[in-house]
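Everything on this sheet refers to the single structure shown next.
The values are calculated or read from the model by the stated rules, or taken from the named source; none is laboratory data. Everything numeric in this text was worked out from a predicted model, so none of it was measured. Note: ideal-geometry Cβ built from the backbone for every residue, glycine included; neighbour counts use all protein chains shown.
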Amino acid sequence: MSSSQTNLLQGTLDLLILKSLKTGELHGLGVSHRIEQITRGAFQVKPGSLFPALHRLEEAGWLSSFWGESENNRRARFYRLTKGGERQLGHEAEEWQKIAAAMSHALKAT
Amino acid sequence: MQFLSRLESLMRNLLRKHEVDADLEEELESYATMRADERVAGGISRSEARRSTLAELGGIEHIKQSVRDGRTGITFELLWQDVRFALRQLRRSPGFTITAVLTLTLAIGANAVVFGVLNALILRPLNVPQAESLFVVQHGSGVASHSYPDYLDLRQRNRSFDDVAVFVISQSGLDTGIDPSNVWEYETSGNYFDVLRIQPYLGRFFHASDEHGPNSAPYVVLSYAYWHTHFQDDRTVVGRVVRLNRHPFTILGVAPPGFQGTVLFFASDIFVPIVDHEQLSGDKMILNARGTRWMFEMVGRLRPGVTPAQANADLNSVDSYLKKSYPRDESNDPYTLARPGLHGDYLSGPTRAFLTGLMLLSGLILLAACANLGSLFAARAADRSRELALRLALGSSRNCILRQLFTESMLLSLAGGAAGLTASILLLRRLSVWQPFPRFPLHVPVSPDANVYLVALVLALVSGVLFAIVPVRQILRANPYEIVKAGSTGAFGRRFIVRDVLLVVQIAICAVVTSSMVAVRGLMRSMHSNFGFEPQNAMLVDTDLTTAGYSGERVPAMQRRMIDAIQAIPGVDSVGSVNYPPLEPPGSWQGTVYTDTTTDLSPSNAAADPYWFNVSPDYFRASGTSWLAGRAFTWHDDTNAPRVAVVNREFARKILGSVPDAVGRHFKLRDGTRVRVVGLVEDGKYVNLTEGQRPAMFFPLLQSPASWIWMVVRSSRDPQQLAAAMRSVLRNIDPAMVLAIRPWSTELGGTLFPSRMATVALGVLGIMGAMLSITGIFGMAAYSVSKRLRELGIRLALGAKRKEVLQAALGRAVKLLAIGSGIGLVLGLLATKVLAFIVYQATPRDPLVLVGVVLAMLLLGLVATWIPAQRALGVNPLILLREE
């Protein structure tokens, strides 16, 4: 588990959180599981980075939050993407594609 | 969108902090519970699941802190934390806090006051539209510099000004039907208001088109203040006819509030066209006299695009034409331009120099205050060096500690600045309504404005930074491990030479000023000294029969009736009259006299220029002048009788050659008239209190008549009642009489003005000096005590006597105090010799003052070293040694 832990680039976490919420609202633990799932276990987000990031994104207006019931009937705080968040996701994804393409091209070069 | 969301978060984080925090707490708790749920589902026990979850979280508090650090508005929160911390620190040392705030209050307040005056008199443009194109046209450097015909020519012939206006200042009797009184007026050219481009508050102004030759424009415009106080804001005054020196004038309108003419110091009551000058003064000639330069000020509005230099050249070319046409009447002075407001360069030069000097001085005071507070701050930082070192060692950043230091200094300086500004606003308001001379509408219009607030704020911030800078190096260099290990050390020891010198200078200034307090004693004594008359229980009635329309033979008859009428009032002891009372500013009349034996009456042979008074028979009794020999005047000393005079002792000594035989001798006036001396009175003060013995002569009213006289009424009745009684009897004789009745002691206020001002200035300087010395010595003593606290503790533990400990702790401070006081005392003695010229009866070698200075300096030293000394003596060696 921890061996496959990769250091998250600054900004990557934001992108992953936004992406994980694309399909619907989740609570903090849900977000962390969802990220693990969509990165095939490559990224495990620890609460120490998750919560500051969630709150930061919410204050930026990209997420909104509300209190609801979890699948196990626990009271939990849920996050969902706002309109601005969706735009931001598109924007950041595009940026990332560019960087990734450039990086892989660079690494393939001899 | 994003901005709005940020703003919303900011508001929420700042205003509903507890709610937000509780929310976060609950969120993390729910996260932990759910995570534990998963583990339990994986087959572990509940308690084990909980434990491992918490381990995974790695400290809930830590996560909370990272969330908080990312929040919008974290800066505010940190600032607020710093402020609260600083407030706690300051509350813990009230002595320091009070000293610092008080020092800053005085220093910043002084700066704000001086700047307020500078701003109002020099920096702020005149309160008229487009003041920047308005200039004063000067001709030479006198008070008044143009004749009326010259003005008319300049106005017509110049090509640089849109228009030029002119005015003189004079006084008239204004009769509105009830209680006629004196008013100060601007007699202006008809275009005056149009040149200034101001609009009336009510009614209309007069214009150049209203002038059609002498006495053609019987119109008057009231100033707003006069309308407000004398017409009670009655809007129906426009069109009403009033009498000015008995001539009917129509009120045209009211000038706007805040406008009082183009001379800042002088608040005029009314404005009248100068073409009516003959009616106002009775002088038929002066408007046409080209050689008489009596126009008080000429103001012109420059044409757009014309520079002052071009205008100047233009004026001088007009001048050369005038010189050619009227060679006998024109002077050789060139024309110059100056800014309006302070009567051109006549007042603005000295005022500017004086205020700049004052500004510089108050800036230095602030700087010295900052230096002192800086050393106090350094002492505090040394006190807290262990605390600071611990915090550094525990991971607090130096930035964080410096931030707190600056927060503390900013709090102090802002508090001081706010208090100083408040005090200065109150003072400036008082100054604005202050009228030092009861008879003249002179005042200093210095209402504070936004500039003053801004300057006070900037000064507060700058001084906060300045005195916080002093201990910065000390903190940056501090090595936490050394300090924790060894206790605070004197690493910054004797490098205080500059500050020592500064301190000695401050103390010396304080001592100088304290010894200058002889001035206060002198002032008190001069209030009760012998003036050659007795101002107590005497009233002055200022009556000008010209303004009441009397002339020729009717004047003395009327004056006699008035004197008799007042004499008949019950409780009046005696009534006399004098042409101009002694010690009334600006000064008495003088006349040239010759000894009886002089035959060539050229000026170089004159014996003296004695003061000249025309008095009624009972004047000497009414004024309380002591009689030495001979007889007083009677009403029979008139034009049919031989010329007689009463002289003072100095006159007899200097001109008649003998005091005992003075009565019966003669002297000559400039026209050769022989005058017989019939009486001898004591010497007195005639123009100012510091003058030496001067000769004076008194002539009977009927032999040298004057239409403007002051009646002196001696009575022990209540001044208010007496004034009312006099008013009513005089009004019975002539209801249109213009009267100004004041107690003589009040009237003397103007004479005492210079010494009062000197005393006030000294007092203020003294307080500043004392304050600086106290904070300086306090700072130094506190610093040296806290630096050597451990040493003192060990000494006490080893059995040192209290005296020795005090000597070790405070010796340096006391030594500086002694040196400073010594220097100050010597300088003070020299300075008081100078002061003795300004302030009557201020002798430098006044024993009371010497004792006072020594006592004051002792007290100062005691106050400033009290707290540090207590601390030095109160050291508990056991606790101290255990702590270290």
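Hey, any hits in the stretch A:83-98 for a residue that's of a type outside the set (Asp, Glu), within 10 Å of another protein chain (Cβ to nearest Cβ) and touching a strand residue (DSSP E or B) at 6+ places or on another chain (Cβ under 6 Å)?
Taking every residue of the stretch A:83-98 in turn, none turns out to be of a type outside the set (Asp, Glu), within 10 Å of another protein chain (Cβ to nearest Cβ) and touching a strand residue (DSSP E or B) at 6+ places or on another chain (Cβ under 6 Å).
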Review point. Across the stretch B:66-84, what is the total count of residues that are closer than 16 Å to B:Glu26 by Cα and more than 7 Å from every other protein chain (Cβ to nearest Cβ)?
Key: 1
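B:Ala120: of a type in the set (Gly, Ala, Ser), more than 12 Å from B:Ser362 (Cα to Cα), touching a residue at least 60 places away in the same chain (Cβ under 8 Å) and assigned to a loop (DSSP other than H, G, I, E, B), yes or no?
Spelling it out, it is not the case that B:Ala120 is of a type in the set (Gly, Ala, Ser), more than 12 Å from B:Ser362 (Cα to Cα), touching a residue at least 60 places away in the same chain (Cβ under 8 Å) and assigned to a loop (DSSP other than H, G, I, E, B).
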**Study point:** Any chance B:Arg12 is among the basic types (Lys, Arg) and within 18 Å of B:Thr75 (Cβ to Cβ)
**Key:** yes
Exercise for review: Test B:Ala706 against the stated conditions and say whether it is over 29 Å from B:Lys668 (Cα atoms), at pLDDT below 90 and outside any helix (DSSP H, G or I).
Suggested key: no
Exercise for review: Could you list all residues from the stretch A:70-110 that are in a strand (DSSP E or B), charged (D, E, K, R) and touching a helix residue (DSSP H, G or I) at 6+ places or on another chain (Cβ under 9 Å)?
Suggested key: A:Arg75, A:Arg77
Review point. So which helices (runs of 4 or more DSSP H) are wholly in the stretch A:8-69 and hold at least 3 residues that are modelled with pLDDT of 85 or more and more than 12 Å from chain B (Cβ to nearest Cβ)?
Key: A:12-20, A:28-38
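Suppose we filter the stretch B:576-624 for residues that are charged (D, E, K, R), more than 17 Å from B:Gly684 (Cα to Cα) and either crowded, with 19+ Cβ neighbours inside 10 Å or without any contact (Cβ under 8 Å) to a residue 24 or more places away in the chain (or both); how many remain?
Taking the stretch B:576-624 as the starting set, the residues that turn out to be charged (D, E, K, R) are B:584, B:596, B:600, B:609, B:618, B:621.
Filter once more, keeping what is more than 17 Å from B:Gly684 (Cα to Cα): B:596, B:600, B:618.
Now restrict to residues that are either crowded, with 19+ Cβ neighbours inside 10 Å or without any contact (Cβ under 8 Å) to a residue 24 or more places away in the chain (or both): B:600, B:618.
Total meeting the criteria: 2.
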Exercise for review: Determine whether B:Leu4 is under 60 Å from the mean Cα position of the chain (by Cα), among the hydrophobic types (A, V, I, L, M, F, W, C), within 8 Å of chain A (Cβ to nearest Cβ) and surrounded by fewer than 18 Cβ atoms within 10 Å (Cβ to Cβ).
Suggested key: yes
**Study point:** Where a residue in the stretch B:544-573 is touching a residue at least 24 places away in the same chain (Cβ under 8 Å) and its partner, wherever it lies, is in a helix (DSSP H, G or I) and among the acidic types (Asp, Glu), with Cβ under 8 Å and at least six apart
**Key:** none
Practice item. Within the stretch B:648-674, work out how many residues are outside any helix (DSSP H, G or I), in contact (Cβ under 8 Å) with a residue 60 or more places away in the chain and either crowded, with 20+ Cβ neighbours inside 10 Å or basic (Lys, Arg) (or both). Key: 6
Practice item. Write out, first by first residue and then by second, each pair whose Cβ atoms fall under 6 Å of each other, whose residues are 6+ apart or on separate chains, and whose first residue, in the stretch B:50-65, is more than 9 Å from chain A (Cβ to nearest Cβ) while the second is crowded, with 16+ Cβ neighbours inside 10 Å and charged (D, E, K, R). Key: B:Thr53/B:Arg35
Review point. Here is a list of conditions, (1) surrounded by 12 or more Cβ atoms within 10 Å (Cβ to Cβ); (2) more than 9 Å from chain A (Cβ to nearest Cβ); (3) under 25 Å from A:Trp62 (Cβ atoms); (4) touching a helix residue (DSSP H, G or I) at 6+ places or on another chain (Cβ under 9 Å), and B:Arg16 meets all of them except one; can you say which number that is?
Key: (4)
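Condition check ((1) free of Cβ contacts under 8 Å to residues at least 24 places away in the same chain; (2) in contact with a Cys (Cβ under 7 Å, 6 or more places away or on another chain); (3) closer than 30 Å to B:Arg439 by Cβ; (4) buried (at least 19 other Cβ atoms within 10 Å of the Cβ)) across all residues:
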{"residue": "B:Leu739", "(1), (2), (3), (4)": "no, no, yes, yes"}
{"residue": "B:Ser745", "(1), (2), (3), (4)": "no, no, yes, no"}
{"residue": "B:Ala770", "(1), (2), (3), (4)": "no, yes, no, yes"}
{"residue": "B:Thr775", "(1), (2), (3), (4)": "no, no, no, yes"}
{"residue": "B:Phe778", "(1), (2), (3), (4)": "no, no, no, yes"}
{"residue": "B:Ser784", "(1), (2), (3), (4)": "no, no, no, yes"}
{"residue": "B:Glu791", "(1), (2), (3), (4)": "yes, no, no, no"}
{"residue": "B:Lys801", "(1), (2), (3), (4)": "yes, no, no, no"}
Point to revise | Among (1) in contact (Cβ under 8 Å) with a residue 60 or more places away in the chain; (2) more than 37 Å from the chain's Cα centre (by Cα); (3) in a helix (DSSP H, G or I) - the single one B:Ser317 does not satisfy | key: (1)
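Condition first: among the aromatic types (Phe, Trp, Tyr) and part of a loop (DSSP other than H, G, I, E, B). Can you find one or more residues in the stretch B:750-764 that meet it?
First, pick out the residues of the stretch B:750-764 that are among the aromatic types (Phe, Trp, Tyr): B:753.
Keeping just the survivors that are part of a loop (DSSP other than H, G, I, E, B) gives none.
No.
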Review point. Which one is nearest to B:Gly750 (Cα to Cα) among residues in the stretch B:402-437 that are among the β-branched types (Val, Ile, Thr) and surrounded by fewer than 19 Cβ atoms within 10 Å (Cβ to Cβ)?
Key: B:Val433
Check your understanding: With respect to B:Val136, is the statement that it is in contact with a strand residue (DSSP E or B) (Cβ under 9 Å, 6 or more places away or on another chain), part of a loop (DSSP other than H, G, I, E, B) and in contact (Cβ under 8 Å) with a residue 24 or more places away in the chain true?
Key -> no
Review point. Any idea which residue in the stretch B:206-239 is modelled with the lowest pLDDT, counting only those that are of a type in the set (Gly, Ala, Ser) and surrounded by fewer than 20 Cβ atoms within 10 Å (Cβ to Cβ)?
Key: B:Gly213
Review point. Which of the residues that make up the stretch B:728-749 are over 21 Å from B:Ser623 (Cβ atoms) and part of a helix (DSSP H, G or I)?
Key: B:Ser728, B:Arg731, B:Asn732, B:Ile733
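Filter the stretch B:544-565 down to the residues that are β-branched (Val, Ile, Thr) and within 40 Å of the chain's Cα centre (by Cα), then identify the one that is surrounded by the most Cβ atoms within 10 Å (Cβ to Cβ).
B:Thr547
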